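Report on the structure given below.
The values are calculated or read from the model by the stated rules, or taken from the named source; none is laboratory data. Keep in mind the model is a prediction, meaning the values are calculated, not measured. Cβ sites come from the backbone with ideal geometry, for glycine too, and all protein chains shown count toward neighbours.
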């Protein structure tokens, strides 16, 4: 299941509103991606999509992949914290995409 599909499923099940993630970011706490054990598992389940997204954004912004990773994950002290930041960033990016598509429709 893609991150987009996961977001749409969570919204359909009334777990949260995608618009809230897009507007406020993930650090406010959204079910399924609050605790480190959840975000580490989410990262591991969506690792390819997250890293493909990082690469795409790095290229579009004229950055190296590692520069983009550093931009997204400021001041992390562990692999767990890195995965957490990458998950939140990727979920927020996909939430923004969905909201933009809805506004354009």
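Worth a mention:
- When residue 38 is tested against (1) surrounded by 14 or more Cβ atoms within 10 Å (Cβ to Cβ); (2) in contact with a helix residue (DSSP H, G or I) (Cβ under 8 Å, 6 or more places away or on another chain); (3) free of Cβ contacts under 8 Å to residues at least 60 places away in the same chain; (4) part of a helix (DSSP H, G or I), exactly one condition is not met: (2).
- Condition check for residue 52: assigned to a helix (DSSP H, G or I), under 15 Å from the mean Cα position of the chain (by Cα) and at pLDDT 95 or above: yes
- When 24, 46 are checked against the criterion of being without any contact (Cβ under 8 Å) to a residue 60 or more places away in the chain and in contact with a helix residue (DSSP H, G or I) (Cβ under 6 Å, 6 or more places away or on another chain), 46 stands alone in meeting it.
- Candidate set: region 70-84, residues that are touching a helix residue (DSSP H, G or I) at 6+ places or on another chain (Cβ under 6 Å) and outside any loop (DSSP other than H, G, I, E, B); chosen: the one farthest from residue 17 (Cα to Cα): 80
- The condition of being within 12 Å of the chain's Cα centre (by Cα) and within 17 Å of residue 24 (Cβ to Cβ) holds for only one of 47, 85, that being 85.
- Residue check, residue 78 over 20 Å from residue 2 (Cβ atoms), free of Cβ contacts under 8 Å to residues at least 24 places away in the same chain and under 13 Å from the mean Cα position of the chain (by Cα): no
- Picking from residues in region 2-34 that are under 14 Å from the mean Cα position of the chain (by Cα) and assigned to a loop (DSSP other than H, G, I, E, B), the one that is nearest to residue 93 (Cα to Cα) is 25.
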